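Below is one structure; the comments refer to it alone.
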Amino acid sequence: MQEGLSYEGRGDCRVIIRANIKEALKSLMSAKQRTLLALIGIVIGIGSVIAMVSVGHIVQVESLRQFKEMGTDLISIEKDDGSDSSSPGIGGARATKSSIKLADVLGMTAGCSAITVVAPSVNVSGQASYGGKNIPNSRLMGVTESFRDINKLRISQGRFISDLDAQSQFCVIGSNVATAIRKQGCGNIIGEKLKVGEKVYTIVGVTENVPESGMRNFSPNDALCVHISTALRSSKGSGISNIIARVSAGTTNNIAREQVMAYFKSKNSTLSLKVSSPEEIIAQMEKQMRMITLLMGAVGSISLIVGGVGVMNVMLVSVSERRREIGIRRALGAKRGDISGQFLIESVILSMMGGTLGILLGVGASYLVSLFAHWNFLFSFKAILLGVGVSNVVGIFSGYYPARQASMLDPIVALKSD
Amino acid sequence: MLKLQEVKKTYRIGPTEVDILKGVNLHVRKGELISIMGQSGCGKSTLMNIIGLLDRPTSGSYKLNGSEIVYADDDALSEIRNRSIGFIFQQYFLLSRLTAVENVELPMVYRRGDHGGIREQSMELLRRVGMDGQASHRPSELSGGQQQRIAIARALIGKPSLILADEPTGALDTTVGREIMELFKALNADEGITLVIITHDPVIANQCKRVSLMRDGVIAE
Ligand SMILES: Nc1ncnc2c1ncn2[C@@H]1O[C@H](COP(=O)(O)OP(=O)(O)OP(=O)(O)O)[C@@H](O)[C@H]1O
Ligand SMILES: [Mg+2]
């Protein structure tokens, strides 16, 4: 008659776990309102973590794509004003004194063995208008024939600016500009006249729409391209603002940079230049992304903590409401571990429900963000795994204390409570 | 089977201490069918909770199956309750979210090891207590007597060697009460289960092989 005291069979706990899961669902369903309220925090927390991870992923892929669009064998050369923020005063005035000369730029291909093609551009200020109406966002630029190739532009109508157009008043417009003109009821754009400031330009071509690229700080879709000599004449002082150069195959961007620096030093020693390669720009963007990720991570963590506290609160209430039940289960042979397991599973299920909703919310939010930013939406499996993992951890953490409280209840005290 | 020696239980209500059990001596042998009678509030349920390892005595010794109970090992107490003791509580204590048959099965959820055929066994027990028609009802949909019968089926599912019943027929009419008593007597005679029945009813008590009377916190046979 020792059967009561000697027990060996640990056996399978699957029955208990299955019963616990069933129980947990029943109990959560029976307190719908409270369950829902507790979920809000978790949903927002997991949602923002997921959104952050998946937007980060999308941006990274997108920026890489943007650089690959134009090619990674390009470097961008700009005049260095000393600092990025153009502070007014002495520095600003001195910076304009020496400017990049067009002849020097065109001589680069001969002077630097690592450079095969150069595309300098000049920005000209002034509002463009057609038929007396302003064209928003448009921008007059002076370019050379090579600009088309480097920026991978395609012509949808007419032709592009040629090196034979020097000093002419011809211009080639981007797709957005063309759309704006067509809106005013113009049928054949070629030959139409545009006005920028006091000057009038004749349209000779339209370029196709191109995707954005991290290598240029303008969109060719909004550009009014004229020959660089025309632009330099009409914008006294502003000078060449940007040069994009193609690095010859077999050389590195770093070698090209050193050659370019040395070349311009020999031409004009007062000129200071900033040469950036796609790798650098990508690295800088990634640094910015990390900052944003960190910030959003903080927001996500705080809402997760709030969510976790919500879950813990629900579980504590649940434990105190179900003392009688705990007593009955203990009387029928549930061990402390069985009771804490039951509440822990309930807590994990609760936060997993929140996690699932949060994942949906986060993925939905990142879908909307990429929709509005015109990025390619990517479904990040990693983010989903993260969401599931994090909600599990929150469930275990915030369920631990209530579950422990439940398991430490004395059976008779629990049975006698109501 | 079980042996209590000088078991005392003291409750503290505010500053005063109340002795409910003042040195109970009780020896129940294997296979006995014993009833305990006594005035309301004399401590019968308290005694049952101690015998059932739900509560611990303030002092005294309790031997179950020849071994002294060690109250420090909580898991071992649970294991004994699960395997060897069947409870029938005064207030039934069914879980309201579970159906009748799920309530009956509950002790087996916490039994490690042998499983299989639990549902069939539960249905068979429900048939035995005349509740097989209400297997999927919830306790709130059942009368007090019906709930009591579910509780009896639950006490039997684990094939315990000891059944503790606190007023098992209190809520039943005389006919059903007699049937339940017949069931208990059959369990005792055919399966050798030891039964301790707490009751107010002298008719029930007289059907038991042995009647103990509780008075002033002690058992006066
Ligand atoms: N937790 C407690 N704290 C203080 N006093 C208690 C506690 N539990 C029970 N008592 C007291 O102990 C006494 C015995 O209670 P018990 O439930 O054992 O009585 P009983 O004999 O089962 O009565 P009944 O026949 O009415 O069920 C009662 O006077 C009760 O007030
Ligand atoms: Mg009682």
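If you look at the Cα atoms of segment B:20-138, you get an Rg and a Dmax of 16.8, 46 Å. When A:382, B:63 are arranged by Cβ crowding within 10 Å, least crowded first, meaning fewest neighbours, the order is A:382, B:63.
In this structure, the amide hydrogen of residue B:210, modeled 1.01 Å from its nitrogen in the peptide plane, lies closer than 5 angstrom to those of B:33, B:35, counting only residues at least 5 positions away or on a different chain.
Which whole number gives the average count of other chain Cβ atoms within 10 Å of the Cβ atoms across peptide A:410-418? Write down the numbers at each step before the final one.
Numbers: counts 4, 9, 8, 2, 1, 7, 5, 0, 0.
Mean number of neighbouring Cβ atoms from other chains: 4.
Per-residue ellipticity at 222 nm from helix content only, as computed over chain A with -39500 (n - 2.57) for each DSSP H run of at least four residues, stands at -18500 deg cm²/dmol. Around the amide H of residue B:219, modelled in the peptide plane, lie the amide H atoms of B:25, all under 5 Å away and 5 or more residues distant in sequence or on another chain. With both partners inside the protein assembly as shown, how many of the DSSP beta bridges are antiparallel, as a percent to the nearest 5? Once the DSSP bridges in the protein assembly as shown are tallied, antiparallel ones form about 65 percent. Once Rh is set to the Kirkwood radius over Cα pairs, what Stokes-Einstein translational diffusion coefficient, in µm²/s, holds for segment A:218-261 at a temperature of 20 °C and a viscosity of 1.002 mPa s? Approximately 162 µm²/s, per Stokes-Einstein. So for segment A:81-271, Kirkwood radius off the Cα pairs, Stokes-Einstein at 4 °C and 1.567 mPa s: how many µm² s⁻¹? In µm²/s, the coefficient rounds to 73. Evaluating 6.51 cos²θ - 1.76 cosθ + 1.60 at θ = phi - 60° for every residue in segment B:179-187, the Karplus couplings come out as 4, 4, 4, 4, 4, 4, 5, 5, 4 Hz, glycine and proline recorded as x.
Once you average over the residues of B:79-87, how many Cβ atoms of partner chains fall within 10 Å of each Cβ?
Numbers: counts 6, 5, 8, 9, 6, 7, 4, 1, 5.
Per residue, the number of nearby Cβ atoms from other chains is 6 on average.
Which helices, taking whole DSSP H runs in chain A, have alpha carbons extending 18 angstrom or more along the helix axis plus mean Kyte-Doolittle at least -0.5? Flagged H segments are A:14-30, A:32-70, A:278-321, A:336-372, A:381-408.
Can you give me the Kirkwood hydrodynamic radius for segment B:78-221, using every pair of distinct Cα atoms, in Å to one decimal? Can you show the working numbers first?
Working: mean 1/r = 0.0640 Å⁻¹.
15.6 Å is the Kirkwood radius here.
For segment B:14-22, the Karplus equation 6.51 cos²θ - 1.76 cosθ + 1.60, evaluated at θ = phi - 60°, returns couplings of x, x, 8, 9, 10, 8, 8, 9, 10 Hz by residue, with Gly and Pro reported as x.
Using amide H atoms built 1.01 Å from N in the peptide plane, name the residues 5+ places from residue A:242, or on other chains, whose amide H lies under 5 Å from its own. Amide H neighbours of residue A:242, under 5 Å, 5+ apart: A:121. For the protein assembly as shown, the spherically averaged projection of the C-alpha convex hull amounts to 45.1 nm². Given segment A:303-418 reduced to its alpha-carbon atoms as identical point scatterers, what log10 I(q)/I(0) does the Debye formula return at q = 0.10, 0.19 Å⁻¹? So the normalised log intensities work out to -0.40, -0.90.
The antiparallel fraction among DSSP beta bridges confined to segment B:82-221 stands at about 25%. Per-residue mean of foreign Cβ neighbours for A:331-344 is 6 (Cβ atoms of other chains, 10 Å radius).
Run the numbers on chain B and let me know its relative contact order in percent, using alpha-carbon pairs under 8 Å that are six or more apart. Please report the intermediate quantities before stating the final value.
Details: 395 pairs, mean separation 68.9, N = 221.
It comes to 31 percent, rounded to a whole number.
Taking the longest Cα principal axis of chain B as reference, the axis of helix B:118-128 is set at about 80 degrees.
Using Cβ counts within 10 Å as a stand-in for footprinting exposure, how do A:227, B:200 rank, fewest first?
Going from sparsest to densest Cβ surroundings: B:200, A:227.
Taking 8 Å as the Cα distance limit and 6 or more residues as the minimum spacing, I'd like the relative contact order of segment A:81-271 as a percentage. Please report the intermediate quantities before stating the final value.
Details: 341 pairs, mean separation 59.9, N = 191.
For segment A:81-271, the relative contact order is 31 percent.
Listed values for segment B:206-221 are Karplus-derived 3J(HN,Hα) couplings in whole Hz (6.51 cos²θ - 1.76 cosθ + 1.60, θ = phi - 60°), namely 5, 7, 8, 5, 9, 10, 10, 10, 9, 8, 6, x, 9, 9, 10, 4, and x replaces Gly and Pro. Averaging the Cα positions of each part gives two centres, and for segment A:19-65 and segment B:21-38 these lie 57 Å apart. When DSSP beta bridges are restricted to pairs lying wholly in segment A:81-271, around 70% turn out antiparallel.
Sorted fewest first by neighbouring Cβ atoms within 10 angstrom, A:404, A:246 come out as A:404, A:246.
Any read-out appearing in this document is the output of simple, stated calculations on the displayed coordinates, not a laboratory observation. Keep in mind that this is a model prediction, so the values were computed, not measured. Note that each Cβ is placed from the backbone with ideal geometry, even for glycine, and that neighbours are counted across all protein chains shown.
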